[in-house]
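Chemist: First the structure, which I've put down as structure tokens, then a few questions once you've had a look.
The values are calculated or read from the model by the stated rules, or taken from the named source; none is laboratory data. Keep in mind the model is a prediction, meaning the values are calculated, not measured. So basically every Cβ, Gly included, is an ideal-geometry build from the backbone, and we count neighbours across all protein chains shown.
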Ligand code: GLU
Ligand code: ZN
């Protein structure tokens, strides 16, 4: 029995909430190479639903940073194609349709619990954002009960009990139990729009994305997203969660650390090919840092040589590249 595998479609999905930094550069390079190595396509999608954190100039900035690095895409806000629009705030109808299907199958219910949590749902959660398991206070409601509510509410997805497993391309077989990891989670609010979890799944499915390479801070989101794929009858993509970058102090690189922002490096005159060489070196593909373009690594891309731990960004190495 044999069948041709479908062509790979990968994506770059920056959130325009601040400048992209070296950690993003490495993750996006890996996502880009994984698709190009397979002869696949790349989409670029701007994830701007978290309006409290989005900065208008960061949308254009993300495209500029990624192009400076030498990445390209087959479809995106500046390369029109069949899967557009490519900015989440312009795709609200896609999320509304997915939510309607979840309502019809009673897989969501209106929740009137904590306001703070409801407001945070637009953002992609990072590992430290995991709160306690939702106690199911509103789970007795049906979707139709929303009509009689006199308070603001959000739609919450009914998480079945049990483990969810996926074969992570980088981490290997991974098992998490979303019913013990936050439990029923938010998927959207009337008027205010979808939560990150629903938007990212609806978009990847609608855009035909079948390969998702992203930072491992999103690992706790993955079993939730797999439940949404199943609930909506969509094919689950191949996932690879890659390590984040940290500073020598062991802390995660933050967008606020100006020195490692791509825009700062670009404006300082750094040769992006040196940066790409450093990233390739950090992935175990070369012993020496050689100035190179992403394209130079398509043939040598290999996820298995990427170190399992976080990438420690040494300021001294950065300084030597700039020199
Ligand atoms: N836009 C999200 C972030 O920057 C990534 C979403 C994803 O890759 O699923 O955190
Ligand atoms: Zn509730």
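Chemist: Would you point out which residue out of 159, 164 is surrounded by 22 or more Cβ atoms within 10 Å (Cβ to Cβ), closer than 13 Å to residue 225 by Cα and either at pLDDT 95 or above or within 21 Å of the chain's Cα centre (by Cα) (or both)? Working first, answer last.
Modeler: On the way: 164 fails: surrounded by 22 or more Cβ atoms within 10 Å (Cβ to Cβ).
Unique residue meeting the criteria: 159.
Chemist: Which condition number in (1) within 30 Å of residue 292 (Cα to Cα); (2) within 13 Å of ligand 1 (Cβ to nearest atom) is the one that residue 54 fails?
Modeler: If we test residue 54 against (1) within 30 Å of residue 292 (Cα to Cα); (2) within 13 Å of ligand 1 (Cβ to nearest atom), just (1) comes out false.
Chemist: Then there is this: Would you be able to tell me the number of residues in segment 141-162 that are part of a loop (DSSP other than H, G, I, E, B) and in contact (Cβ under 8 Å) with a residue 24 or more places away in the chain?
Modeler: Keep residues of segment 141-162 that are part of a loop (DSSP other than H, G, I, E, B), which gives 141-142, 149-153, 158-162.
Narrowing the set further to residues that are in contact (Cβ under 8 Å) with a residue 24 or more places away in the chain leaves 141-142, 149, 151-153, 158-160.
So the count comes out to 9.
Chemist: Restricting attention to segment 46-92, which residues are at pLDDT 95 or above, closer than 21 Å to residue 194 by Cβ and surrounded by fewer than 16 Cβ atoms within 10 Å (Cβ to Cβ)?
Modeler: Those that are at pLDDT 95 or above, closer than 21 Å to residue 194 by Cβ and surrounded by fewer than 16 Cβ atoms within 10 Å (Cβ to Cβ): 85, 89, 90, 92.
Chemist: Looking only at segment 1-42, which residues are within 14 Å of the chain's Cα centre (by Cα) and farther than 15 Å from residue 295 by Cα?
Modeler: Answer for segment 1-42, where residues must be within 14 Å of the chain's Cα centre (by Cα) and farther than 15 Å from residue 295 by Cα: 10, 11, 12, 13, 14, 15, 16, 17, 20, 23, 24, 27.
Chemist: Determine if segment 129-141 includes at least one residue that is more than 14 Å from ligand 2 (Cβ to nearest atom) and in contact with a helix residue (DSSP H, G or I) (Cβ under 8 Å, 6 or more places away or on another chain).
Modeler: Looking only at segment 129-141, we keep the residues that are more than 14 Å from ligand 2 (Cβ to nearest atom), and these are 129-130.
Going one step further and asking which of them are in contact with a helix residue (DSSP H, G or I) (Cβ under 8 Å, 6 or more places away or on another chain), we end up with 129-130.
Checked against the condition, which is being more than 14 Å from ligand 2 (Cβ to nearest atom) and in contact with a helix residue (DSSP H, G or I) (Cβ under 8 Å, 6 or more places away or on another chain), segment 129-141 yields at least one hit.
Chemist: Step by step: first the residues of segment 126-140, then only those that are within 15 Å of ligand 1 (Cβ to nearest atom) and free of Cβ contacts under 8 Å to residues at least 60 places away in the same chain, then the one that is surrounded by the most Cβ atoms within 10 Å (Cβ to Cβ). Which residue is that?
Modeler: Only one residue fits best here, namely 129.
Chemist: Please determine whether any residue of segment 104-125 is part of a helix (DSSP H, G or I), more than 16 Å from ligand 2 (Cβ to nearest atom) and surrounded by 14 or more Cβ atoms within 10 Å (Cβ to Cβ). Reasoning before the result, please.
Modeler: Applying the first criterion (part of a helix (DSSP H, G or I)) to segment 104-125 yields 104, 115-120.
Narrowing further to those that are more than 16 Å from ligand 2 (Cβ to nearest atom): 104.
Then keep just the ones that are surrounded by 14 or more Cβ atoms within 10 Å (Cβ to Cβ); that gives none.
No, because not a single residue in segment 104-125 is part of a helix (DSSP H, G or I), more than 16 Å from ligand 2 (Cβ to nearest atom) and surrounded by 14 or more Cβ atoms within 10 Å (Cβ to Cβ).
Chemist: Applying the selection to segment 183-198, what residues are under 14 Å from residue 107 (Cβ atoms) and outside any loop (DSSP other than H, G, I, E, B)?
Modeler: Of everything in segment 183-198, those that are under 14 Å from residue 107 (Cβ atoms) and outside any loop (DSSP other than H, G, I, E, B) turn out to be 185, 186, 187, 188, 197, 198.
Chemist: Now a separate question. Being away from ligand 2 (no atom under 16 Å from the Cβ) and either assigned to a strand (DSSP E or B) or in contact with a strand residue (DSSP E or B) (Cβ under 6 Å, 6 or more places away or on another chain) (or both) narrows it down to one residue among 209, 201; which is it? Walk me through it before giving the result.
Modeler: Working: 201 fails: either assigned to a strand (DSSP E or B) or in contact with a strand residue (DSSP E or B) (Cβ under 6 Å, 6 or more places away or on another chain) (or both).
Within the list 209, 201, the selection yields 209.
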